[in-house]
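See below for the structure under consideration.
The values are calculated or read from the model by the stated rules, or taken from the named source; none is laboratory data. Values in this document were obtained by computation on a predicted structure and should not be read as measured data. Virtual Cβ from ideal backbone geometry, glycine too; neighbours counted across all protein chains shown. Side chains are part of the model used for accessible areas, which takes the heavy atoms of the whole protein and leaves out ligands, DNA and RNA. Shrake-Rupley method; radii C 1.70, N 1.55, O 1.52, S 1.80 Å.
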Amino acid sequence: MRVASDRALLRFVNGLSRLLDGRQPLVGKTPKDVVFREGKLEVWRYRAPIEPAFALGTEEWDVSQKRAPVPLLIIPPLMVRPYVYDLRPGHSLVEFFAASGFDTFLVDFGEPDESDAHVRLDDYVLSFVPAAIRAVRAASGSERVCLLGYCMGGIFGLLYAAAWRDPDIAGIITVGAPIDFRKMGILSFFAKSAQGQDQ
């Protein structure tokens, strides 16, 4: 209880100081363009830095002049805002990818609210992710696309590949995606029991 109250107080103080001194949060500052929008769904394309080098943490990295032949589409999990991939200049995954020569795209599923009560899991796999991939292909001019999914975003990428059997998916990178449920201990037991399977 003490930790929750301390966090609430810290959020209040941070919000008040932003209000008083007019500072805006630095998250999501890597230059980007919206290449697709339908309802809440957006696909963003990040621009490569103009400067010859950029700061990455405490180091300086050269901006690659060599462009990767296959664009990269990042798929975030639900309930995570996409700016976690773009926390601030010098601490940004999308900035790093764009500066490393990747044509970098990211899906924003939007903030869920009451209007999403009808949205089901298969809508993401059969509608939203395919629309994002089509947008990447149209914007980049490349049929081949590489997917990078974090947590549930990785599951969406794998389910897309299984459902659509898309031969032009060049690769799927998953980070923290729970795909081997045998390793999930007691949760694995309950999942099998609910399906009526033997342990």
Item to check | Candidate aspartates and glutamates - alpha carbon under 12 Å from LYS40, same-chain residues fewer than 8 apart omitted | outcome: ASP108, GLU111, ASP113, ASP116
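How large is Rg/Rh for segment 37-76, to two decimals, with Cα atoms and a Kirkwood Rh? Present the calculation step by step, with values, prior to reporting the outcome.
Working: Rg = 14.0 Å, Rh = 13.0 Å.
Ratio of gyration radius to Kirkwood radius for segment 37-76: 1.08.
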Checklist entry - Fully extended, how many nm does the chain gain between LYS29 and ASP116 (0.36 nm per residue separation, minus their Cα-Cα distance)? => result 28.5 nm
Checklist entry - How far apart, in nm, are two points set 7 Å out from the Cα along the Cα-to-Cβ line at ARG47 and at LYS66? => result 2.6
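Tell me the Kirkwood radius of segment 15-174: reciprocal of the mean inverse pair distance over distinct alpha-carbon atoms, in Å.
Values: mean 1/r = 0.0603 Å⁻¹.
Here the Kirkwood hydrodynamic radius works out to 16.6 Å.
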Checklist outcome for this item: From most to least accessible, 1.4 Å probe, no ligand or DNA/RNA atoms counted, CYS146, CYS151 line up as CYS151, CYS146
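Within the set of other residues whose C-beta is less than 11 Å from the C-beta of GLU111, count the net charge using Lys and Arg as +1 and Asp and Glu as -1.
Values: positive: LYS40, ARG81; negative: ASP108, ASP113, ASP116.
Charge balance near GLU111 sits at -1.
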Checklist entry - In the full protein assembly as shown, how much of GLU51 is accessible to a 1.4 Å probe, in Å² to the nearest 10? => result 100
Next on the checklist: Taking the alpha-carbon distance from LYS29 and a cut-off under 13 Å, which aspartates and glutamates remain once sequence neighbours fewer than 8 residues away in the same chain are dropped?
Outcome noted: ASP86, GLU95
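Rank SER115, SER142 by accessible area, highest first, at a 1.4 Å probe radius? Please report the intermediate quantities before stating the final value.
Details: SER115 70, SER142 20 Å².
The most accessible residue leads, giving SER115, SER142.
Stretch MET79-LEU126 to full length: gain in nm at 0.36 nm per residue minus the Cα-Cα span?
Values: separation 47, 0.36 × 47 = 16.92 nm, distance 1.91 nm.
Value of the extension gain: 15.0 nm.
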Checklist entry - Classify segment 75-130: rounded, prolate or oblate, from the alpha-carbon gyration tensor (a ≥ b ≥ c, eigenvalue square roots; a/c under 1.5 rounded; otherwise prolate if a/b is larger than b/c)? => result oblate
Next on the checklist: Solvent-accessible area of LYS29, probe 1.4 Å, all protein chains present, reported in Å² to the nearest ten, please.
Outcome noted: 110
Checklist entry - What net charge is computed for the residues neighbouring PRO52, neighbours being all others with C-beta under 13 Å from the C-beta of PRO52, Lys and Arg scored +1, Asp and Glu -1? => result -3
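Within segment 98-162, list the chymotrypsin sites (Phe, Trp or Tyr not before Pro) lying in a DSSP loop whose Cβ has at most 14 other Cβ atoms in a 10 Å radius. Write down the numbers at each step before the final one.
On the way: sites: PHE102, PHE105, PHE109, TYR124, PHE128, TYR150, PHE156, TYR160; in loops: PHE102, PHE109.
Passing sites in segment 98-162 do not exist.
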